[in-house]
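*Asks:* One structure, pasted below without further comment.
The numbers here are math on the coordinates, done by the rules we state, and not lab data. Everything numeric here is computed off the predicted structure, so don't read it as measured data. So basically every Cβ, Gly included, is an ideal-geometry build from the backbone, and we count neighbours across all protein chains shown.
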Amino acid sequence: MNLNIVLPVLNEENDLKPGVETTLNYLKTISWKDHFEITIADNGSTDKTEEIAKDLCDTYENVNYFKVSQRGVGLAFREAIKRNPCDIVGYMDVDLATDIKHFRQVYDSFMDPSVNIVVGSRLLHDSRVYGRSLLREITSRMLNLILKIVLKVQFTDAMCGFKFYRKEIANSLVKQCSDNTGWFYCAEMMIRAEWEALSITEIPVEWHDDSNSKVKIGKLSSSYLAEIIKLYKIKKRRRT
């Protein structure tokens, strides 16, 4: 079983090299060190991200890179899934907000053939979140609560950037999902998975918030709400 770790990036010239090399150094220490690759999925960078990514590819044989012209984490991850050659594919934030020690749990979970999806959650009892502003915490909890109320989802954390799928499950969900290019696409995959009665294995994670994150909370929340309404309407049509 091999694992494709996708890093969606946009103008990450400062975090890209340390993020990739820290991950590589950690993965060398575990038993499945020869069964993974890292895919840098560049969604429209205009800084030195592309140059740094190509240098990393030249240096490390298990690092790959591609670039799409349009911005959007959802677009980057969707394209990575389409290109994915590995048994398991998932993504994480290049700033390593989710502690990379959780890769062990991901890999071990997928050793059970009945497990199809493994995602990190910052909202489980044993999760640990550091450095997060009150605004971000309230916004995240409110959006997850809205998902539970409106779409009746069972998972706890739609926005955590640490999600992994079996290849065939990811490919199937891509065919079902919208063409949304933003962050919500990653949440939609989980929502669609629940609609298909696929179990989602959540693991508590240690999360270190990035105070320099480029995510605009207000804009992101508005786009999430609009997409939630769209899915609610789709769900109603499915029931009739």
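*Asks:* Straight-line reach from residue 230: which aspartates and glutamates fall under 17 Å, measuring Cα to Cα and dropping same-chain residues less than 8 apart?
*Replies:* 179, 188, 194
*Asks:* Here is a further query. Each residue of region 163-174 in order: what ³J(HN,Hα) in whole Hz does its phi give by Karplus 6.51 cos²θ - 1.76 cosθ + 1.60, θ = phi - 60°, with x for Gly and Pro?
*Replies:* 9, 9, 9, 5, 3, 5, 5, 4, 4, 5, 5, 4
*Asks:* Further question on the same structure: Say we join alpha carbon atoms closer than 10 Å with springs in a Gaussian network model of the chain; which of 121, 31, 45 then has the biggest fluctuation?
*Replies:* Greatest mean-square fluctuation among the candidates belongs to 31.
*Asks:* Now a separate question. Can you tell me the FRET efficiency between residue 1 and residue 51 if r is taken as the Cβ-Cβ distance and R0 is 25 Å, rounded to the nearest 0.05?
*Replies:* For R0 = 25 Å, the calculated efficiency reads 0.15.
*Asks:* Rank 150, 129, 73 by mean-square fluctuation in a GNM of the chain with C-alpha springs under 10 angstrom and give only the top-ranked residue.
*Replies:* Most flexible of the set in this elastic network: 150.
*Asks:* Now for a separate question. If I take R0 = 30 Å and measure r between the Cβ atoms of residue 171 and residue 237 in this structure, what FRET efficiency does the formula 1/(1 + (r/R0)^6) give, to the nearest 0.05?
*Replies:* After rounding, the FRET efficiency stands at 0.80.
*Asks:* Among the trypsin sites (Lys or Arg not before Pro) in region 127-214, which ones are in a DSSP loop with at most 12 other Cβ atoms within 10 Å of the Cβ? Mind listing them?
*Replies:* Here the sparse-neighbourhood loop sites are 152, 214.
*Asks:* At a temperature of 20 °C and a viscosity of 1.002 mPa s, determine how fast region 3-239 diffuses translationally according to Stokes-Einstein, using the Kirkwood radius over alpha-carbon pairs as Rh; express D in µm²/s, rounded to the nearest whole number.
*Replies:* It diffuses with D of about 119 µm²/s by this estimate.
*Asks:* Something else about it: Go ahead and set up a Gaussian network model of the chain, Cα springs under 10 Å, then flag whichever of 135, 96, 124 fluctuates most.
*Replies:* Among 135, 96, 124, the largest GNM mean-square fluctuation belongs to 135.
*Asks:* To check you understand DSSP bridge types, tell me what percent of the beta bridges within the chain (both residues inside) are antiparallel, rounded to 5.
*Replies:* Antiparallel: roughly 25 percent of the beta bridges in the chain.
*Asks:* Could you give each residue of region 225-237 its phi-based ³J(HN,Hα) in whole Hz, using Karplus coefficients 6.51, -1.76, 1.60 with θ = phi - 60°, and x for Gly or Pro?
*Replies:* Once θ is set to phi - 60°, the couplings for region 225-237 become 4, 4, 6, 4, 4, 4, 5, 4, 5, 5, 4, 4, 5 Hz.
*Asks:* Sequence gap at least 6, Cα distance under 8 Å: using those rules, report the relative contact order of the chain to the nearest whole percent.
*Replies:* 24
*Asks:* Mind giving me the FRET efficiency for residue 87 and residue 134? R0 is 45 Å, r the Cβ-Cβ distance, nearest 0.05 is fine.
*Replies:* 0.65
*Asks:* Here's something else I'd like to know. Which of 231, 97, 8 sits closest to the plus end of the dipole of the chain, meaning its Cα is farthest towards the positive end, when Lys and Arg get +1 and Asp and Glu get -1 on the C-beta?
*Replies:* It is 231.
*Asks:* Once you have the Cα-Cα distance between residue 32 and residue 60, take 0.36 nm times their residue separation minus that, and quote the gain in nm to one decimal.
*Replies:* 8.4 nm
*Asks:* Residue by residue, what Karplus-based ³J(HN,Hα) values in Hz, rounded to whole numbers, does region 132-142 have, using 6.51, -1.76 and 1.60 with θ = phi - 60° and x for Gly and Pro?
*Replies:* Computed from phi, the couplings for region 132-142 are 8, 6, 4, 4, 5, 5, 5, 4, 4, 5, 5 Hz.
*Asks:* Expected output is a single nm value to one decimal: the length gained when fully extending between residue 196 and residue 149, i.e. 0.36 nm times separation in residues minus the C-alpha distance. What is it?
*Replies:* 15.0 nm
*Asks:* Ok, one more. Which of rounded, prolate, oblate describes region 106-240, given a ≥ b ≥ c as roots of the alpha-carbon gyration tensor eigenvalues and a/c under 1.5 marking rounded, otherwise prolate only if a/b is larger than b/c?
*Replies:* oblate
*Asks:* Separate question: Pop a pseudo-label 7 angstrom from the Cα along the beta-carbon direction at both residue 178 and residue 70 and give the gap in nm to one decimal.
*Replies:* The answer from the label model is 1.3 nm.
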